[in-house]
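Please read the structure below before turning to the comments.
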Amino acid sequence: FDYVDDDRGTGPTAEDAWQVGSTIGKTCSYYGNQDATRKRRPQSQDPGPWAGVVVSTVPDNLYVSVDMEKWEKTKSEIARLRQHYVHATTSSGDGLLEVKMLEQVAGFLNHVARAYPLLKIYLNGIYATMNAWRPDRDEAGWKTGEEQVDYDCLDAPKKVRILDRLEHDLHALEELTRQEAPPRRPA
């Protein structure tokens, strides 16, 4: 399996896993990339985090999770979105959220959703709010499919209006991440 510029080999036995690692190293060398043996890890059924995602194997099961640092950041990003939402929807707020903040939160949560795919469903409220200004969207933020728009010629606003769905999705994200430690999800 690969992620950006990193590879992880898998195998049913320690010997098979070693052979996969050797093949990866030889293939990299063939294409001119040095195989840095200092970066290799011994074969393990619980090798630790890789890009913040933790995969562990126990007899008859495979689990996926995130490391504690990524879990804490996940919760803090959701709390940051909640804080901005509350400020924007109170009497002193203007009912608008910053696009840049929405992009940052959605981008990070999209990465965490690699380990917890259920989160993807509740990112729709963020994406719909973030893109509601576009001319090919309806009042709820969904694409109408009626227009072909060249987005490059449009000036994106710095702030966007909050859509109704965001409150529901934000609450769901808070509920799904309320545990102190990251849950292990059977893969």
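Amide H neighbours of K159 under 5 Å, at least 5 residues apart or on other chains, H built in the peptide plane: list them.
Amide H neighbours of K159, under 5 Å, 5+ apart: V99.
Name the residue, out of V86, V53, V112, whose mean-square fluctuation peaks in a Gaussian network model built on the chain with Cα pairs under 10 Å.
The residue that fluctuates most here is V86.
In a GNM of the chain with a 10 Å cut-off on Cα contacts, which of L96, L154, L163 has the highest mean-square fluctuation?
The residue with the greatest mean-square fluctuation here is L154.
Which whole number of Å³ per residue matches the convex hull of the alpha-carbon atoms in the chain?
175 Å³
Please list, or write none, the lysines whose alpha carbon is within less than 22 Å of the alpha carbon of K159, excluding same-chain residues fewer than 8 places away.
Leaving aside lysines fewer than 8 places away in the same chain, those within reach of K159 are K100, K143.
Looking at the chain, identify the longest residue range that excludes and avoids all chymotrypsin sites (Phe, Trp or Tyr not before Pro) in DSSP loops having at most 14 other Cβ atoms within 10 Å. Working shown, then result.
Values: sites that count: F1, Y31.
Between exposed loop sites, the widest span is 32-187.
What is the gain in length, in nm to one decimal, between R185 and K158 on full extension, counting 0.36 nm per residue of separation less the C-alpha to C-alpha distance?
Length gained, R185 through K158: 6.0 nm.
Can you list the lysines whose alpha carbon sits under 16 Å from that of K70, skipping same-chain ones fewer than 8 residues off?
Cross-link targets: none qualify.
In square nanometres, what is one fourth of the surface area of the convex hull spanned by the alpha carbons of region 51-94? Don't skip to the answer; put the middle values down first.
Numbers: hull surface 17.2 nm².
Taking the Cα atoms of region 51-94, their convex hull projects to 4.3 nm² on average.
Please report the relative contact order for the chain, taking Cα pairs under 8 Å with a sequence separation of at least 6, and give it as a percent rounded to a whole number.
With pairs under 8 Å counted, the relative contact order is 20 percent.
Could you tell me the calculated FRET efficiency between I24 and S76, based on Cβ-Cβ distance and R0 = 30 angstrom, to the nearest 0.05?
0.30
Based on the Cα atoms of region 131-176, what semi-axes does the equivalent ellipsoid have, where each is the square root of 5 times one gyration tensor eigenvalue, given in whole Å with the largest first? Write down the numbers at each step before the final one.
Details: eigenvalues 126, 33, 14 Å².
Over the Cα atoms of region 131-176, the ellipsoid semi-axes are 25, 13, 8 Å.
Using the Cα centre of the chain as the reference point, and only Cβ charges (+1 on K/R, -1 on D/E), how large is the resulting charge dipole? Debye, rounded to the nearest 20.
So the dipole magnitude of the chain works out to roughly 540 debye.
On the accessible surface of the chain, probed at 1.4 Å, how many percent belong to carbon and sulfur atoms?
50 percent
The values are calculated or read from the model by the stated rules, or taken from the named source; none is laboratory data. Just so you know, these numbers come straight off a predicted model, no measurement behind them. Note that we place each Cβ from the backbone using ideal geometry, even for glycine, and neighbour counts take in every protein chain shown. Keep in mind that these areas ignore ligands, DNA and RNA; they rest on the heavy atoms of the full protein, side chains included. Shrake-Rupley method; radii C 1.70, N 1.55, O 1.52, S 1.80 Å.
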